[in-house]
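Chemist: Submitted below is the structure of interest, expressed as structure tokens.
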Amino acid sequence: MKENISRISKISISIIVPIYNAQGTLQSCLSALAKNATENTEIILVNNNSTDNSFTICEDFSHNHHSRIRILLLQERTVGPSAARNTGIRSAQGEWLIFTDADCIPSCTWISDYLLHFSDSGLGAVAGCIWPYPPSNLVQKAISLFTLPPITKEIVHSGFNLTEGFYPTANLAVKKEIFDLIGGFNEKLRFGEDHELCYKIYNAGYKIKTIENAIVQHIHRNTLKGLFKQAFGFGSSHPFELRYLTSGKIIFVSPFIKINKPSFGKWIWIDLNQADKKLILSLIPGIFWSPLYALSITYFFYLCFFIYKISIERNVTTKVKELPILSILLLLKSFALGAGRFVYCFKHKVLCI
């Protein structure tokens, strides 16, 4: 047992953080990273055209910790987190790359939790768990409830089906030699680049393991504009993934039917499980007989109950009087995601709604 612990402790780690106008969250992120760092760890910060105080915060952090931790502060002018991460990777010396974002706060055991799994055979990546940081307003609370669900069990995936098997770079570790083999992040993508990376890992014959620990807390966006932009972006990535990460697939999701099967040359993804679509479906009977509009009212009350249940699961404190507003925010988020899917399905020539 002592030999195994010794071997694990020698694995070198490169932590890579892309940074763009993150002065509000960056200090908390960097402080948490400093608590995790060991002599076998390097922290690579990549400033991606920030116009706020982010670069100065990074400089101060580097000066204060340079004697104890290897810190690289780099600049990348090409816009987008993919380009920033690729720049950081080119300078990385670690055997494993761990990605997180400037709005994430890793736990004090983040790296040590990851290290326990890096020796597993056949792994190309390990996905840690993401929990929401305590929200400051209702928009942030809504995003906390319905974005980046935490991992609840340990699973080893050898493939994906678009609805599972993909994991975000807010908390993802990838073996460096495998990353070099598959060619890194697609710099043309603003959303979905992390899913494409997972696809390439599977395609190269490696597995991805999910773990319940190695936790980061994610500080979510706190404005309606941020909610819309993020949800639209997530939705815009789905048509791309459907068209270019499969040779053809039919996905149909509804409250009672779930279909996910390959279909060469056909790219169809219809998701009726989204809150906005369920509300629309509940309104249709009322068009033919007005008392049936009660179905939509019933659904709205169900949505409030559903949100309360999710808040308990994600440990997000929610008051009863907040539930109607959170329900409306969920409907708006679902609409924005669907809009992203609809707009980009024309670009990629798929049916994705």
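The values are calculated or read from the model by the stated rules, or taken from the named source; none is laboratory data. On a predicted model such as this, the values are computed, not experimentally measured, just so you know. So basically every Cβ, Gly included, is an ideal-geometry build from the backbone, and we count neighbours across all protein chains shown.
Chemist: Tell me, yes or no, whether segment 268-275 has at least one residue that is in a helix (DSSP H, G or I), among the small types (Gly, Ala, Ser) and out of contact with any His (no Cβ under 9 Å at 6 or more places or on another chain).
Modeler: Quick first cut of segment 268-275, residues in a helix (DSSP H, G or I) only: 275.
If we keep only those that are among the small types (Gly, Ala, Ser) as well, we get 275.
Next, from what is left, pick out any that are out of contact with any His (no Cβ under 9 Å at 6 or more places or on another chain): 275.
Scanning segment 268-275, I find at least one residue that is in a helix (DSSP H, G or I), among the small types (Gly, Ala, Ser) and out of contact with any His (no Cβ under 9 Å at 6 or more places or on another chain), so the answer is yes.
Chemist: Also: Within segment 56-94, restricting attention to residues that are under 21 Å from Ser31 (Cα atoms) and among the polar types (S, T, N, Q), which residue is surrounded by the most Cβ atoms within 10 Å (Cβ to Cβ)?
Modeler: The qualifying residue surrounded by the most Cβ atoms within 10 Å (Cβ to Cβ) is Ser62.
Chemist: Still on this model: Can you work out which of the residues in segment 167-213 that are of a type in the set (Ser, Thr, Tyr) and over 17 Å from the mean Cα position of the chain (by Cα) is farthest from Gly235 (Cα to Cα)?
Modeler: It comes out as Tyr206.
Chemist: Could you say whether any residue in segment 29-37 is at pLDDT 95 or above and over 27 Å from Thr223 (Cα atoms)?
Modeler: Scanning segment 29-37, I find no residue that is at pLDDT 95 or above and over 27 Å from Thr223 (Cα atoms), so the answer is no.
Chemist: Does any residue in segment 192-215 that is closer than 15 Å to Ala127 by Cα and not assigned by TED's automatic domain parsing to the domain that holds Phe179 come within less than 7 Å, Cβ to Cβ, of a residue that is assigned to a loop (DSSP other than H, G, I, E, B) and at pLDDT below 95 six or more places away or on a different chain, and which pairs are these?
Modeler: Matching pairs, first to second residue: none at all.
Chemist: Going through segment 118-174 one residue at a time, which ones are farther than 19 Å from Glu193 by Cβ, assigned to a strand (DSSP E or B) and touching a Cys at 6+ places or on another chain (Cβ under 8 Å)?
Modeler: Selection gives nothing.
Chemist: A further question follows. Could you tell me how many of the residues in segment 203-231 are in a helix (DSSP H, G or I) and crowded, with 21+ Cβ neighbours inside 10 Å?
Modeler: Count: 2.
Chemist: Find all pairs meeting these conditions: Cβ atoms under 6 angstrom apart; at least six residues apart or on different chains; first residue within segment 103-123 and in contact (Cβ under 8 Å) with a residue 40 or more places away in the chain and buried (at least 20 other Cβ atoms within 10 Å of the Cβ); second residue of a type in the set (S, T, N, Q) and in a strand (DSSP E or B).
Modeler: Ile105/Gln217
Chemist: Of the residues Thr51, Thr87, Thr25, which single one is farther than 20 Å from Pro168 by Cα and of a type in the set (S, T, N, Q)?
Modeler: Thr51
Chemist: Next question, about the same structure. Search segment 175-196 for residues being in contact with an Asp or Glu (Cβ under 7 Å, 6 or more places away or on another chain) and assigned to a helix (DSSP H, G or I), and hand back the single one that is nearest to Glu313 (Cα to Cα).
Modeler: His195
Chemist: Same structure, new question: Need pairs with beta-carbon distance below 8 Å; first residue among the charged types (D, E, K, R) and within segment 142-161, second at pLDDT 90 or above; sequence gap 6+ or separate chains.
Modeler: Close Cβ pairs satisfying both conditions: Lys153/Thr210; Lys153/Glu212; Glu154/Lys209; Glu154/Thr210; Glu154/Ile211; Glu154/Glu212.
Chemist: Name every residue in segment 323-341 that is within 30 Å of Ser247 (Cα to Cα) and either surrounded by fewer than 16 Cβ atoms within 10 Å (Cβ to Cβ) or among the hydroxyl-bearing types (Ser, Thr, Tyr) (or both), in order of residue number.
Modeler: Of everything in segment 323-341, just one residue is within 30 Å of Ser247 (Cα to Cα) and either surrounded by fewer than 16 Cβ atoms within 10 Å (Cβ to Cβ) or among the hydroxyl-bearing types (Ser, Thr, Tyr) (or both), namely Ser334.
Chemist: Does Val126 satisfy the criteria of being closer than 26 Å to Ile182 by Cα, modelled with pLDDT under 95, within 23 Å of the chain's Cα centre (by Cα) and assigned by TED's automatic domain parsing to the domain that holds Ile201?
Modeler: No.
Chemist: Then there is this: Has segment 150-166 got at least one residue that is closer than 23 Å to Leu245 by Cβ, over 12 Å from the mean Cα position of the chain (by Cα) and charged (D, E, K, R)?
Modeler: yes
Chemist: Is one or more of the residues making up segment 225-241 out of contact with any strand residue (DSSP E or B) (no Cβ under 9 Å at 6 or more places or on another chain), free of Cβ contacts under 8 Å to residues at least 12 places away in the same chain and hydrophobic (A, V, I, L, M, F, W, C)?
Modeler: no
Chemist: Test of understanding: among Ser62, Ser14, which residue is at pLDDT below 95, small (Gly, Ala, Ser) and in the same structural domain as Glu193 (by TED's automatic domain parsing)?
Modeler: None of the other options fit; the residue is Ser62.
Chemist: Which count do you get for residues in segment 289-323 that are among the basic types (Lys, Arg) and either touching a Gly at 6+ places or on another chain (Cβ under 8 Å) or part of a helix (DSSP H, G or I) (or both)?
Modeler: Residues that pass the stated criteria total 2.
Chemist: On to the next question. Which number in (1) of a type in the set (S, T, N, Q); (2) surrounded by 20 or more Cβ atoms within 10 Å (Cβ to Cβ); (3) more than 19 Å from the chain's Cα centre (by Cα) marks the one condition that Thr317 misses?
Modeler: Here Thr317 meets the rest and fails (2).
Chemist: Do we have any residue at all in segment 180-201 that's closer than 30 Å to Lys35 by Cα, out of contact with any helix residue (DSSP H, G or I) (no Cβ under 6 Å at 6 or more places or on another chain) and surrounded by fewer than 19 Cβ atoms within 10 Å (Cβ to Cβ)?
Modeler: Yes - at least one qualifying residue is present in segment 180-201.
Chemist: Could you say which residue among Leu326, Leu330 is in contact with a Lys or Arg (Cβ under 7 Å, 6 or more places away or on another chain), touching a residue at least 12 places away in the same chain (Cβ under 8 Å) and part of a helix (DSSP H, G or I)?
Modeler: After applying the criteria, what remains is Leu326.
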